[in-house]
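No lab work stands behind these numbers, since they all come straight from the coordinates. Quantities reported herein were computed from a predicted structural model and do not represent experimental measurements. Heads up, the Cβs are rebuilt from the backbone with ideal geometry, glycines too, and the neighbour counts pull from every protein chain shown.
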Amino acid sequence: MLIRTFGSAVYGVNAVTITIEVNASPGAGIGYFLVGLPDSAVKESQQRIESAIRENGFQMTRQKIVINMAPADIRKEGSAYDLPLAIGFLTATEQIKADNTSKYILMGELALDGSLKPVKGALPMAIQARKEGFEGLILPEENAREAAIVNNLKVLAASNLADVAAFFDGDETRLRQVVVDTRREFEENQAHLADDFADVRGQENIKRALEIAAAGGHNVILIGPPGAGKTMLARRLPGILPPLNLQEALETTKIHSVAGKLAKHASLVYSRPFRAPHHTISDVALVGGGTNPQPGEISLAHNGVLFLDELPEFKRTVLEVMRQPLEERKVTISRAKTSMDYPASFMLVASMNPCPCGYFNHPEKECTCGAGVVQRYLSKISGPLLDRIDIHIEVTPVNFDQLAETRKSEPSAVIRERVLKAREVQQQRYANLPGIHSNAQISSTQAREFCRLNPIGQTLLKTAMNRLQLSARAYDRILKVARTISDLAGSEEIKPEHLAEAIHYRSLDRQTWGIST
């Protein structure tokens with residue numbers, strides 16, 4: 001008897017439907033044959049399925065079972081195919097009378113007792129199931145709410161193999177349909193971060209720089225001695241960014257779903273991601289890839305912030321692989337037979353000490369680093385990488401009087417209002433440019449169109465370019481930052497004072513600090 005069930009494979013951040021054909025042949029010998037390019041985890045499903053079937057009152061019949069997973073040229077990976085394989089086996093051996101398996105996608109890992117364990121990528125699976133016209137999707141309980149944010153698709157939560165078998169045998173009460181009002185839940189769960197700029201004493205110039213960065217989506221690097229507040233300030237940046245809209249939330253959730261980073265019974269990612277990997281991270285862990293390709297930290301930070309603390313301590317190869325994603329806002333993972341894209345539109349916030357001891361140019365403490373040590377330390381960051389960071393800001397220590405101040409600083413909510421107004425101006429400006437929502441995302445050609453300078457501004461920028469020996473990329477970055485400063489000021493024109501402030505934020509360029517390429 002030939003039976004078909006359907007599963008789903010995740011490639012990149014999208015899913016592909018897998019057809020599982022099960023042929024049971026009584027009297028044709030005894031054996032269990034699994035074909036269709038399965039990996040080791042899929043091949044090992046035989047033992048899990050056999051135990052689960054016996055524990056739930058069914059039988060492993062002694063006959064020839066051939067299972068094909070099509071399309072056969074796509075490698076099937078992981079243990080999530082246990083459920084469709086088991087249901088296909090029970091149907092083909094006539095232990096259940098399933099006649100509607102073609103209407104549903106099934107995914108779930110089986111424990112030895114038949115209970116279902118969660119899988120990765122439930123959201124892209126649900127999107128693909130709706131796209132291909134399936135009536136529903138059957139998943140473990142933990143994944144059901146995540147998949148249920150896709151409308152016009154019946155999402156059924158299952159806790160064990162027996163319930164799924166009973167459902168296909170005619171008892172539809174055994175599975176619970178999960179319904180999520182995506183828009184209402186998204187609006188009710190907009191996260192409010194505990195870290196607030198109101199708790200920061202002093203550092204008004206740093207707050208100003210981070211406000212500009214948030215308003216235009218610009219990359220930032222903070223340089224200063226230990227204890228000056230670099231990490232504390234960086235962690236408060238998400239609190240002044242515009243809240244995620246529903247489309248961005250869906251994009252972000254999709255990536256976290258594929259990576260298996262969503263919390264149990266979660267449905268959406270409600271706040272902008274803040275990822276802070278340790279400096280020992282590998283190239284693959286940062287940008288993604290691996291034997292079974294997975295999103296890296298830069299993709300998990302999509303629509304949010306990637307914070308790299310102690311930037312020179314990261315391996316140089318790790319930092320250099322970020323150069324292309326910073327420009328293209330995506331990362332491409334290529335293999336011999338396939339290629340996949342992961343989104344990577346994030347704000348980079350980096351921090352570093354000015355030297356190994358941390359006190360170079362400190363107003364009170366003396367630097368203990370020897371001759372040439374400071375330059376070697378700074379040379380760990382290449383010029384091309386610094387070129388891609390729009391705002392360079394020096395963080396100075398806070399004095400006692402500022403620390404002892406009892407009056408609270410300006411709260412994040414007030415700063416966010418100014419950021420939102422500037423972002424609204426940018427959305428209107430770039431309304432006809434798909435995929436562009438902020439000044440940092442425009443190309444060099446678009447920068448020259450939307451960031452025009454008056455003659456005084458042209459002269460000022462020319463002087464800065466000559467004195468600092470800035471690159472063409474740095475020229476574009478200055479224009480974009482100046483455009484953001486003018487948006488915050490409510491000015492349609494980029495005035496000389498806006499341009500001067502933007503030039504001030506290029507203080508770490510390699511000609512000034514001796515950083516090599």
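On C-alpha positions alone, give me the angle between the axis of helix 204-216 and the longest principal axis of the chain, in degrees, nearest 10.
The answer is roughly 50 degrees.
Any idea what Rg and Dmax come out to for segment 394-517 if you just take the C-alpha atoms, in Å?
Gyration radius and largest Cα-Cα distance of segment 394-517: 17.0, 50 Å.
Based on Cα positions only, what radius of gyration and what Dmax would you give for segment 177-314, in angstroms?
Answer for segment 177-314, Rg first and Dmax second: 16.6, 56 Å.
Would you compute the Debye intensity of the chain from its alpha-carbon atoms alone, equal scatterers and no solvent, and pass along log10 I(q)/I(0) at q = 0.07 Å⁻¹ to two decimals?
Taken in order of the listed q values, log10 I(q)/I(0) reads -0.49.
Could you give log10 I(q)/I(0) at q = 0.33 Å⁻¹ for segment 67-110, computed by the Debye formula over C-alpha point scatterers of equal weight, without solvent?
-1.23
Given +1 on the Cβ of Lys and Arg, -1 on the Cβ of Asp and Glu, and no further charges, what dipole in debye does the chain carry about its Cα centre, rounded to the nearest 20?
For the chain, the charge dipole is close to 1040 debye.
Give the dimensionless ratio obtained when the Cα radius of gyration of segment 369-420 is divided by 2.2 N^0.38 Å.
1.82
Work out the charge dipole of the chain with +1 on the Cβ of Lys and Arg and -1 on the Cβ of Asp and Glu about the Cα centre, then indicate which of 455, 345, 168 is farthest towards its positive end.
The residue sitting most towards the positive pole is 455.
Can you pull the semi-axes for segment 85-226, root of five times each eigenvalue of the Cα gyration tensor, sorted largest first, whole Å?
So the three semi-axes of segment 85-226 are 48, 16, 14 Å.
Relative to the longest principal axis of the chain, what angle (0 to 90°, nearest 10) does the C-alpha long axis of helix 455-468 take?
Helix 455-468 sits roughly 80 degrees off the main axis of the chain.
Return one number: the angle in degrees, 0 to 90 and rounded to the nearest 10, between the long axis of the Cα atoms of helix 82-92 and the longest principal axis of the Cα atoms of the chain.
The helix 82-92 is inclined about 20 degrees to the chain.
Neighbour counts of other C-beta atoms within 10 Å: give me 486, 25 arranged from fewest to most.
Starting with the residue having the fewest Cβ neighbours, the order is 25, 486.
Would you be so kind as to identify which of 214, 374, 393 lies farthest towards the positive end of the dipole of the chain, taking Lys and Arg as +1 and Asp and Glu as -1 on Cβ and the Cα centre as origin?
My answer, from the dipole projection, is 374.
Relative contact order for the chain: what percent, with Cα pairs under 8 Å and sequence separation of 6 or more?
Here the relative contact order equals 13 percent.
Projected area of segment 1-95, taken from the Cα convex hull and averaged over every viewing direction, in nm²?
Hull-based average projected area comes out at 5.8 nm².
Each label point is 7 Å from the Cα along the Cα-to-Cβ direction; what then is the distance between the points at residue 396 and residue 173, in nm?
Placing both labels 7 Å beyond Cα along the Cβ direction yields 7.5 nm.
How would you rank 315, 97, 120, 480, going from fewest to most other Cβ atoms within 10 Å of each one's own Cβ?
97, 315, 120, 480
Considering only Cα-Cα distances, which of the following residue pairs are longer than 32 Å: 261/365; 261/337; 43/254; 120/207?
In this structure, 261/365; 120/207 lie more than 32 Å apart at Cα.
Evaluate Rg over Rh across segment 2-180, taking Cα atoms for both radii and Kirkwood's formula for Rh.
0.94
Segment 251-307 to segment 387-421: how many Å between their Cα centroids?
Taking the Cα centre of each part, segment 251-307 and segment 387-421 sit 27 Å apart.
Give me 265, 302, 256 sorted ascending by neighbouring Cβ count inside 10 Å, so fewest comes first.
Arranged by neighbour count, lowest to highest, 265, 302, 256 become 265, 256, 302.
Could you point to the residue in 362, 137, 32 farthest towards the positive end of the chain's charge dipole, with +1 and -1 charges on the Cβ of Lys/Arg and Asp/Glu respectively?
362
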